[in-house]
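Down below is the structure, laid out as structure tokens.
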Amino acid sequence: MKIIVIGAGSVGAHIAYRLQEQGASVQLLEAGSRARGTSRSSFAWLSSFPQRAWDEEPGRAALRPTVHPRFHELVDELGGDWMHWNGTLAWGAPDERASLRELAETCLTRGVTLEILNADDVRSRIGGLEIADDDEFVYEAGSGWVDAPALVDRLLARFVELGGILREQTTVAEFIRTGDTVTGAVTASGEQIEADAVINAAGSWGSHIAALAGVALPVNLVPGLMVYTDPVDPALVPRSVMNSPTWLVRPHPTGGLAIHWRGSAMTATHGANGWSPERIVADVAKTIPALNGVGVADARIGIRPIPPGGPIVGALPWTPGLYHVLSHGGIGWGPIWADLVARELLDGESVAELTAMRPNRFYLQTPELGRFADDFEQAGLSRL
Ligand SMILES: Cc1cc2nc3c(=O)[nH]c(=O)nc-3n(C[C@H](O)[C@H](O)[C@H](O)COP(=O)(O)OP(=O)(O)OC[C@H]3O[C@@H](n4cnc5c(N)ncnc54)[C@H](O)[C@@H]3O)c2cc1C
């Protein structure tokens, strides 16, 4: 089976590798360079806390506990130094402690291994932290973070070894159609590439790719700020992921720390959300004193692709041949989507867990008038 995958981020790299490994002939087309989209500026955290405290639709809830075991298998399958199972320490603002404990207790009843710790427990286990005596913490030992660009490199090296074709600087600009069916892609330079199936794994660009086939798929674009510090002495900073009320911090492969700044509620002047990267590092240094005086190496805004109501996985019945995989959490979910796409496209299965993620859900909803400024004009026109 000949398959085109559009987008060499985390999602597209997993899918291209898995399909090639299971016998398909895959061409992976990437407009820029591999892992330079959202996957480059992701916090890339793998945690079951607090994710498994949420109520999810049954399909995703059934798949979620498979994410960590699948990463353990991938480490053995691919080799390389891209997975860091160094645990996560989480704590809440004083007025959030009760809800933090409630989340932890829900996770415990759902089989997540967690410990609830006090400040002395934390001091004895994790050095380099300035914390209050009355803080309460949740520690998840079996969690960690992924060096996403390194994993994408590893996946693509294996993909190419297996005979897969990776083409960077190759933008998909059009689709080839045979009747309604998508039977290939046309690149910006006009090259026509035929295929039995085309997969839209373009992340934040996913709506644009869908639109090339006349398909309207909504994807909310939610920016997030990442700040990367200059190198720090590894002996003086925690190796675990730190999940505080306003920021997440983890080590970064360049030897500094990666900070995902969540900020606080927006105000008329943007409040803390308008802070400079230097001021953010200074704020984190109140808890991790080794960061005092450490410079900012880089700051980037990553754009999260978040389809309303959860991931989009599947094809629309009226555009067969074009399969979409657009998902937030695409670092953690990448290998899971890849396995399920292989089962659907190569084995002809319809995976029950994906039922609520099908793209036709958007066409089954009645649009609400008044959502957009021009809806009234449209309503007026329809009455003429
Ligand atoms: C601040 C932040 C924190 C995050 N934290 C986490 C986390 O802790 N855990 C987690 O799992 N996820 C996290 N995410 C989300 C995660 O990073 C994304 O879901 C994931 O990176 C999306 O991967 P992707 O492959 O779908 O998209 P991308 O990595 O953006 O890849 C899409 C690719 O498609 C290419 N493309 C676009 N148009 C075309 C075209 N016409 N032709 C060819 N190629 C095209 C682009 O160039 C790009 O390389 C976070 C995101 C952000 C921003």
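Brief remarks follow.
- Close pairs from the stretch 5-16: first more than 16 Å from A197 (Cβ to Cβ) and part of a loop (DSSP other than H, G, I, E, B), partner of a type in the set (S, T, Y) and modelled with pLDDT of 95 or more, Cβ under 9 Å, at least 6 apart: A8/S33; A8/S39; G9/T38; G9/S39
- Listed conditions (1) assigned to a loop (DSSP other than H, G, I, E, B); (2) more than 15 Å from the ligand (Cβ to nearest atom); (3) not basic (K, R) are all met by E102, apart from (1).
To keep it simple, each residue is scored yes or no on (1) at pLDDT 95 or above; (2) in contact with a helix residue (DSSP H, G or I) (Cβ under 8 Å, 6 or more places away or on another chain).
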| residue | (1), (2) |
| --- | --- |
| A16 | yes, yes |
| L28 | yes, yes |
| R34 | yes, yes |
| S41 | yes, no |
| E56 | no, yes |
| F71 | yes, yes |
| L103 | no, yes |
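- Residue match in the stretch 156-171 (condition: surrounded by fewer than 14 Cβ atoms within 10 Å (Cβ to Cβ) and of a type in the set (D, E)): yes
- Evaluation of W318 against (1) part of a loop (DSSP other than H, G, I, E, B); (2) free of Cβ contacts under 8 Å to residues at least 60 places away in the same chain (one fails), failing number: (2)
- Test for R70: is it outside the structural domain of I209 (by TED's automatic domain parsing), surrounded by 14 or more Cβ atoms within 10 Å (Cβ to Cβ), among the charged types (D, E, K, R) and farther than 14 Å from G329 by Cα: yes
- Test for I199: is it away from the ligand (no atom under 14 Å from the Cβ) and either modelled with pLDDT of 95 or more or in contact with a helix residue (DSSP H, G or I) (Cβ under 7 Å, 6 or more places away or on another chain) (or both): no
- Candidates A98, A53, A93, A150 - the one that is hydrophobic (A, V, I, L, M, F, W, C), more than 28 Å from R36 (Cα to Cα) and under 23 Å from the mean Cα position of the chain (by Cα): A53
Let's see how each residue does on (1) within 11 Å of the ligand (Cβ to nearest atom); (2) in a helix (DSSP H, G or I); (3) touching a Phe, Trp or Tyr at 6+ places or on another chain (Cβ under 8 Å):
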| residue | (1), (2), (3) |
| --- | --- |
| V138 | no, no, yes |
| G142 | no, no, yes |
| V152 | yes, yes, no |
| R177 | no, no, no |
| S189 | no, no, no |
| P223 | yes, no, no |
| V232 | no, no, no |
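- Subset tally (residues that are at pLDDT below 85 and closer than 17 Å to S42 by Cβ) for the stretch 242-293: 1
- Tally of residues being in contact with a Ser or Thr (Cβ under 9 Å, 6 or more places away or on another chain) and near the ligand (Cβ under 8 Å from one of its atoms) across the stretch 32-64: 10
- Residue list for the stretch 321-350, filter: part of a strand (DSSP E or B), away from the ligand (no atom under 12 Å from the Cβ) and of a type in the set (A, V, I, L, M): L322
- So T170, is it hydroxyl-bearing (S, T, Y), in the same structural domain as G23 (by TED's automatic domain parsing), touching an Asp or Glu at 6+ places or on another chain (Cβ under 7 Å) and within 11 Å of the ligand (Cβ to nearest atom): yes
- Restricting the stretch 304-356 to residues that are within 16 Å of the chain's Cα centre (by Cα) and of a type in the set (A, V, I, L, M), the residue that is surrounded by the fewest Cβ atoms within 10 Å (Cβ to Cβ): I306
The values are calculated or read from the model by the stated rules, or taken from the named source; none is laboratory data. Quick caveat: nothing in here was measured; it's all calculated off a predicted structure. Positions of Cβ are generated from backbone atoms using ideal geometry, with glycine treated the same way; all protein chains shown enter the neighbour counts.
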